[in-house]
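Please read the structure below before turning to the comments.
The values are calculated or read from the model by the stated rules, or taken from the named source; none is laboratory data. Since we're looking at a predicted model, the values are computed, not measured. Reconstructed Cβ throughout: ideal geometry from the backbone, glycine too, with neighbour counts over all protein chains shown.
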Amino acid sequence: MLQLKNVGFTVEVDGKEKNIIKNVDLTVDDNKLVVITGPNGGGKSTLAKLIAGIEKATSGKILYNGVDITDMSVTDRARLGIGFAFQQPVRFKGITVLDLLRIASGKRISIKEACEYLSSVGLCARDYINREVNSSLSGGELKRIEIATVIARGTSLSLFDEPEAGIDLWSFKNLIEVFRRMREQIKDSSIIIISHQERILDIADEIIVLKDGEVDKKGSKEMILPSLIGTSSAITDCKMGALKGGETE
């Protein structure tokens, strides 16, 4: 279980303090797929980075399974089972997909095991296992490989920051299926996705709307999604974005 208690994040801009996240109180239960959405600039990506430890909260507490992780590093949080996937995955020249999966898992997994991780995200393993993680991979391929590394880590809390950003429609459709499968296989773990895509919102158990750094709405998909579609307050270009295959915040 993830708990955020009065979490805030303030930065200094031109000598003045700016509140990016303001007194956020949230609980994410186990066995849930939660989507955090909201208008651009609302603090969604920042909140994900606070949970992962990439940024440090300036106020409040973050608890994971009862442990106070507020001051823990990214590495220590990863050891507790928290994984993070960036909007734009890192490319590693000279490192193969197999190497990357082995690094992610923390052990020398077999080629068969590595292939299973790739298959779980809809990639034909024999076409990718020995490829370098470099510019020869498309954005959609790289996104799915990064998701495979998250699965290989065996994380109990997986964070995905706008996974649809910068990928084409075909890759976007495949990405949705990957998340559907992850949702079906979820056990004693949770998934948090930062997104304003209607198709991703539609597979959520719960939706959290973040606006101006604060929780504007929170509830089940059935409760929240109808109030978002067609409004300008949260997913303004949701349907257009889905047609394009993704947008970047």
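Which residue, of D212, D205, is in contact with a strand residue (DSSP E or B) (Cβ under 7 Å, 6 or more places away or on another chain) and either at pLDDT 85 or above or hydrophobic (A, V, I, L, M, F, W, C) (or both)?
Testing whether each residue is in contact with a strand residue (DSSP E or B) (Cβ under 7 Å, 6 or more places away or on another chain) and either at pLDDT 85 or above or hydrophobic (A, V, I, L, M, F, W, C) (or both) leaves just D205.
Within the stretch 152-191, which residues are part of a helix (DSSP H, G or I), touching a strand residue (DSSP E or B) at 6+ places or on another chain (Cβ under 9 Å) and surrounded by fewer than 22 Cβ atoms within 10 Å (Cβ to Cβ)?
Going through the stretch 152-191, the residues part of a helix (DSSP H, G or I) turn out to be 152-153, 169-185.
Then keep just the ones that are touching a strand residue (DSSP E or B) at 6+ places or on another chain (Cβ under 9 Å); that gives 153, 179, 182-183.
R153, M182, R183, listed by residue number.
Going through the stretch 215-225 one residue at a time, which ones are in contact with a strand residue (DSSP E or B) (Cβ under 8 Å, 6 or more places away or on another chain) and of a type outside the set (A, V, I, L, M)?
D216, K217, K218, G219, S220, K221
Determine which member of the set K44, K143, K61 is in contact with a strand residue (DSSP E or B) (Cβ under 9 Å, 6 or more places away or on another chain), modelled with pLDDT of 90 or more and within 25 Å of I167 (Cα to Cα). Lay out the reasoning, then the answer.
On the way: K143 fails: modelled with pLDDT of 90 or more; K61 fails: within 25 Å of I167 (Cα to Cα).
Unique residue meeting the criteria: K44.
I'm told E17 meets every condition in (1) surrounded by fewer than 20 Cβ atoms within 10 Å (Cβ to Cβ); (2) at pLDDT 95 or above except one. Can you identify the failing condition by its number?
Result: E17 passes all but (2).
From the list V121, V97, pick out the single residue that is farther than 16 Å from L2 by Cβ, in contact (Cβ under 8 Å) with a residue 40 or more places away in the chain, crowded, with 20+ Cβ neighbours inside 10 Å and over 18 Å from the mean Cα position of the chain (by Cα). Working first, answer last.
On the way: V121 fails: over 18 Å from the mean Cα position of the chain (by Cα).
Going through V121, V97 in turn, just one is farther than 16 Å from L2 by Cβ, in contact (Cβ under 8 Å) with a residue 40 or more places away in the chain, crowded, with 20+ Cβ neighbours inside 10 Å and over 18 Å from the mean Cα position of the chain (by Cα): V97.
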